[in-house]
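Comments concern the structure below.
The values are calculated or read from the model by the stated rules, or taken from the named source; none is laboratory data. This structure is a prediction, so every number in the text was calculated from the model and none was measured. FYI the Cβ positions are ideal-geometry reconstructions off the backbone, even for glycines, and counts take in every protein chain you see.
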Amino acid sequence: MTPHSLWQIAIFVGVVLFIGPLRAEEYNWSFELPGDAVAGDYTSEPCIHTTRYDEEYAAECGVLIVPENREDQQARLISIPIKRIHSTGDAPREPIFHLTGGPGMSNMSFNSVAWYIENHDIVLVGYRGVDGSTYLACPEAGGAMTAGSLLSQENFDALADAYGACQTRLHAEGVDTRGYDMIEVVDDVEAARDVLAYDRINLSSGSYGTRLAMFYTWRYPEISHRNAMVAVNPPGRFAWDPALLDGQIRRYAALCAEDAYCSSRTDDLVGTIERVLADFPESWMGVPIDRDTVLFGTFMGLYSIDGAAMTFDLWLSADEGDVSGMAAMTLAFRFMIPSGFAWGDSMAKAGPDYIHDPARDYIAEATPEPYLLGSPGAVLGFAGGAGWDVDRIPDEYMSVQPSDVRTLLLSGTLDVSTPHETARDDLLPYLSNGEQVVLENFAHSADLLYLQRDATRHLLTTFFASGEIDGSRFTPATVNFEPKWPMGLIAKASLGGLAVALLLLLLMVRFVVRRVRGV
């Protein structure tokens, strides 16, 4: 192993230690189908649900048998997990079915049990393609993401080929990828509702999960009681709009100008980013820096205001001559992102928003000009759409439908993934019984849920209890541009740790040699 490889590993370990590894959901029950299984079979046993805060709740863990493709009468059967946490109250109201974000991530974690358990059962229905008997991993696509410059035509083509190869392999393994779209997930939720014998349900959702919640209310309006959507994703909005991303960065720039720390480092945050882009660094201490990866990492970093502080610090530091943080971001992406999602499941769900149009130049749309960053996240979806044979969902789900279900939309003014404008303009006009709460200086789902936990808890519990929407306890969030753990510091600490480790290794070798020689 070369010193350069050791150095890369050192940065990676540092990033994981400071930021935290991506963790996969673990299960203790079996998803093997009995030989006599039929669709609708449900078995369960007592279990424990544990939150990220190490809270434990008695629960029921079950397995539901469903068709892999409800459009195919000869479809094979698959199994999905269901977890139900029973209310502790004597007269619980309608249960809350939670639908988390993604796609490509598990739906079996839920950390806000304490908010609802007194008055509601909480039900988690596994996402087919991630949870249960079929896992649509696409290591082919994950590998292609790091094979070259992320936003190059060469890498776009390689990623499209990788998605195509993944789908071909899955078909050879007996998987019908047509059966893993969002409509099938929604019908899984309805099958779970039926087998658990609830008359009506509440829906709690975040990001990608809000799309599922929308579809459920359109498909089963008589069963949908109340619908709370956090970080709203209307149809077509998996393909991120570069103009909206630009707008969010300019909002941050205005906040930077009013912040003592940030304004002491730059008098124009947008100008700083433009300067660095014009003379982008190639490496730091022998570690290559990939421009496209940094653009994508910047987009992902803006999912929270704490992440934004770390992200803008990269650009400010680079403008000051320190590009170590960008090297750390490049390595963090290469080690963590390709295995962080079930990319096949992600494409099976989001694919309808990325149906390939050969007349469009997706690389040109994704790269910065005429915008600051372009839409670096969208290129992954567009490349997948070019390689994966996307099963288009019915046309009525490709645009917004009217709904009179009581609905709460919770949005943040700094959300780069699901901007509040799209919920306001695309969805709210179709909700005869809906309201939007927009939180100033909040970003994506985690900010909306946890920056002001008491206010969010009051908003959501009141809504599910009475239908009333009370956002009066929120105050504008304060964006602190001074990061707690700058990526550059992580990189330097990793380098220092490597130096100490090498020094200790040399001393140990010297000691052993001296002992062997008897000196």
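Scanning region 208-258 for residues that are hydroxyl-bearing (S, T, Y) and not in a loop (DSSP other than H, G, I, E, B) yields Y208, T210, Y216, T217, S224, Y252. Among the residues of region 166-187, those identified as touching a residue at least 12 places away in the same chain (Cβ under 8 Å) and surrounded by fewer than 16 Cβ atoms within 10 Å (Cβ to Cβ) are R169, G174.
Return yes when Y261 is at pLDDT 95 or above, touching an Asp or Glu at 6+ places or on another chain (Cβ under 8 Å) and not in a loop (DSSP other than H, G, I, E, B) and no when it is not. It is true that Y261 is at pLDDT 95 or above, touching an Asp or Glu at 6+ places or on another chain (Cβ under 8 Å) and not in a loop (DSSP other than H, G, I, E, B).
Which residues, counting only those in region 437-456, are closer than 17 Å to R52 by Cα and either surrounded by 17 or more Cβ atoms within 10 Å (Cβ to Cβ) or among the small types (G, A, S) (or both)? Step through it out loud before you land on a result.
Restricting attention to region 437-456, the residues satisfying the condition of being closer than 17 Å to R52 by Cα are 445-447, 449-451, 453.
S445, A446, D447, L449, L451 - these are the residues of region 437-456 that are closer than 17 Å to R52 by Cα and either surrounded by 17 or more Cβ atoms within 10 Å (Cβ to Cβ) or among the small types (G, A, S) (or both).
Only one of the listed residues (G321, G286) is free of Cβ contacts under 8 Å to residues at least 60 places away in the same chain and outside the structural domain of L150 (by TED's automatic domain parsing). That residue is G321.
In the set V276, V294, only one residue is touching an Asp or Glu at 6+ places or on another chain (Cβ under 9 Å), part of a helix (DSSP H, G or I) and either at pLDDT below 95 or farther than 24 Å from F442 by Cα (or both); that residue is V276. The requirement of being closer than 21 Å to N233 by Cβ, among the small types (G, A, S), in the same structural domain as Y220 (by TED's automatic domain parsing) and not in a helix (DSSP H, G or I) is fulfilled nowhere in region 460-474; no residue meets it. Looking across region 454-485, the residues that are of a type in the set (D, E, K, R) and in contact with a helix residue (DSSP H, G or I) (Cβ under 9 Å, 6 or more places away or on another chain) come down to R457, E468, D470, R473, E482, K484.
Can you find, within region 435-455, the residue that is farthest from A114 (Cα to Cα) among those that are among the aliphatic types (A, V, I, L, M) and in contact (Cβ under 8 Å) with a residue 60 or more places away in the chain? Per the stated criteria, the residue is A443. Only a single criterion out of (1) in contact with a strand residue (DSSP E or B) (Cβ under 6 Å, 6 or more places away or on another chain); (2) closer than 30 Å to L449 by Cα is not satisfied by G129, namely (1).
Residues of region 348-401 that are under 21 Å from the mean Cα position of the chain (by Cα) and without any contact (Cβ under 8 Å) to a residue 24 or more places away in the chain: none at all. Just so you know, in region 268-310 the residues that are more than 24 Å from the chain's Cα centre (by Cα) and of a type in the set (F, W, Y) include one that is surrounded by the most Cβ atoms within 10 Å (Cβ to Cβ), and it is W284.
Of the strands (runs of 3 or more DSSP E) lying entirely inside region 24-126, the ones with 2 or more residues being within 30 Å of G377 (Cβ to Cβ) are found at 77-85, 96-99, 122-125. In the set (1) over 25 Å from V195 (Cα atoms); (2) crowded, with 21+ Cβ neighbours inside 10 Å, V125 fails one condition alone, (1). Just to be sure before I move on: is R424 touching a helix residue (DSSP H, G or I) at 6+ places or on another chain (Cβ under 9 Å) and among the basic types (K, R) in the structure I sent? Spelling it out, it is not the case that R424 is touching a helix residue (DSSP H, G or I) at 6+ places or on another chain (Cβ under 9 Å) and among the basic types (K, R). Quick one: count up the residues across region 194-212 that are touching a residue at least 40 places away in the same chain (Cβ under 8 Å) and crowded, with 21+ Cβ neighbours inside 10 Å. So the answer is 11.
Test each condition in (1) more than 21 Å from the chain's Cα centre (by Cα); (2) under 28 Å from M300 (Cβ atoms); (3) at pLDDT below 95; (4) not hydroxyl-bearing (S, T, Y) for P139 and report the one that comes out false. Condition not satisfied by P139: (1).
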